[in-house]
Amino acid sequence: MDLINLITLFVVSMTIAVARGAVPQCNEVQGSCACLTDQGLVDLSALDSKDPDNPTFSDIPSDDGHYKYSYNPCSAFTEGKCTDVALCQAASDLQYPVGDQNTVVWNSVESIGMLVLSYTSMGWDSVT
C-alpha cells in the first residue's frame, strides 16, 4: 500500500499550541479563530494574512526536515493541491490538506499546560 492510499484511510488531526501557563477553558467558540475563555478572549485574527494565496506561516520545516507546513488560522488559503485549508503539509512536490477552518476544536490540555487548536481534513482522497 503506498503512502497516498494509507493516508486516505485516516482522518488527520493537527494540533497547534496557542497559549502557555494557566490553562484557560474555552467557553464559547467565536468563528474559526477566537474563543472566549474563563481568562478572557483568545483571538488569533491578528495572525491571519487574509490573503487566500499567502498564508501567514508558509513552508515551515518539520523538525526532521522531511515536511514543510503552511498555516493560516482564520481564513482559508490555497497552496498547490491544498485548496481552502487552514493547514497544508508539503513533501517534495506533493501537498496534503491537513486541516480546515470549519473543523477547529479548542482543547484545554492540562498535562502539557496549553490551550490547543485541533484541525481535521477529510480531503486526503482528493490529493494525488
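None of the figures in this text is laboratory data; all of them are computed from the coordinates on show. Bear in mind the structure is a predicted one, so any value in this text is a computation, not a measurement. Ideal geometry is used to build each Cβ from the backbone, glycine not excepted, and the neighbour counts take in all protein chains shown.
Once you place label points 7 Å from the Cα toward the Cβ at L47 and V29, how far apart are they in nm?
1.7 nm
List every residue whose amide H lies under 5 Å from the amide H of M114, counting only residues 5 or more places away in sequence or on a different chain, with H placed 1.01 Å from N in the peptide plane.
The list, which skips near neighbours in sequence, is V109.
Which peptide among 48-54, 30-36 comes first, and what is the full order, when sorted by highest mean count of other Cβ atoms within 10 Å?
Packing proxy ranking, top to bottom: 30-36, 48-54.
For an R0 of 35 angstrom, estimate the FRET efficiency from the Cβ-Cβ distance between Q39 and L94 and round to the nearest 0.05.
0.30
Across the Cα atoms of the stretch 19-128, what radius of gyration and what greatest pairwise Cα-Cα distance (Dmax) are found, in Å?
14.5, 43
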